[in-house]
Amino acid sequence: MNRFFITLLLTLFFTAFSFGKNIKVIATIFPNYDFARNIGKEKAEVTLLLPPGVEAHSYEPTPRDMVRITTSDILLYTGEDMEPWVHRMSKNLPSSVAVSDISQGIEKIKDGDHKDPHIWTDPVLAMKMADNITAAFIKTDPKNSEYYIENSRIYKNKLIRLHQKIDRELSELDKRDVVFSGHMVFGYFAKRYNLTFTTPYRSFSPDAEPTPRRMAELIKTIKKRGDSYIYFEELIDPKSAKLIARETQTKILLLHGVHNLSKEELKSGKGYIDIMEDNLKNLKRGLKNE
Ligand SMILES: [Zn+2]
């Protein structure tokens, strides 16, 4: 079978699959996907582009993904710092696909020439992302605007409650320093809740290994402070965390960056809010040195 027929079959398959829904939406990473399915509900067929368990920063779309994107109505992405490939390919997409950068209107944290793409780690900024998704849905499917606005209102209320809970429970703790063995994921979260994150990485993506010097400095700091716990990130082998934990006699806990979910997590039906609540539990445990 040549490539044309494969493309045609895939197109027919995805067209048939979406029957009955008003709009077909492709979300690049998990936060976009989860917010979009909560706003689109019965009227949007939302697909997560990232396969389960795949690391989000190094992801590039496959030919099959390109078929899905070109036959969709809306492509939601988090900005050119998170998905640079969307920027590169958007000019080649048919005009029937509305490409929406859901970080619009959000001021990003800068480090030199790089901007921090992890806006969703702050539930307050997640509300702005939800607004941008709602606006994109209404533009493509205006006759259902009331439906999307109402779903968005309900979901944003949940985000407000999440924010208030995190704010209240973390403000009761004296300790504000978190040692995180992953890349720089929690900048916006730290800013919102007045925490300090120390990481051996100097990068907004997990592509570079931490240097031995940074690891040594971190080990010294942990020993001096007498921490009992350090944190590791999702979906990546926590070898730096294990090494630091061994050297410092500390235990490791997960802080989930919510870029993407494992197969098991997706199967369990967990959403952004559940994962952020799990993060809150682990943070409280670690910061109380329990
Ligand atoms: Zn990241």
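The values are calculated or read from the model by the stated rules, or taken from the named source; none is laboratory data. Keep in mind it's a predicted model, so treat the numbers as computed, not measured. Reconstructed Cβ throughout: ideal geometry from the backbone, glycine too, with neighbour counts over all protein chains shown.
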Take the stretch 207-225 and flag every residue that is out of contact with any strand residue (DSSP E or B) (no Cβ under 9 Å at 6 or more places or on another chain) and aliphatic (A, V, I, L, M). Ala208, Met215, Ala216, Ile219
If you take the residues of the stretch 185-195 that are over 15 Å from Ile230 (Cβ atoms) and either more than 13 Å from the ligand (Cβ to nearest atom) or surrounded by fewer than 22 Cβ atoms within 10 Å (Cβ to Cβ) (or both), which of them is farthest from the chain's Cα centre (by Cα)? Asn194
Of everything in the stretch 35-48 that's under 28 Å from Asp207 (Cβ atoms) and surrounded by fewer than 24 Cβ atoms within 10 Å (Cβ to Cβ), which residue is farthest from the ligand (Cβ to nearest atom)? Thr47
Residues that are within 16 Å of the ligand (Cβ to nearest atom), part of a helix (DSSP H, G or I) and of a type in the set (S, T, N, Q), drawn from the stretch 240-288: Ser240, Asn279
Sole residue being surrounded by fewer than 15 Cβ atoms within 10 Å (Cβ to Cβ), within 16 Å of the ligand (Cβ to nearest atom) and of a type outside the set (Ser, Thr, Tyr), chosen from Arg202, Arg225: Arg202
Give me a count of the residues in the stretch 49-85 that are assigned to a helix (DSSP H, G or I) and more than 16 Å from the ligand (Cβ to nearest atom). 8
Test: residue in the stretch 276-289 that is at pLDDT below 95, more than 24 Å from Asn32 (Cα to Cα) and under 22 Å from the mean Cα position of the chain (by Cα): no
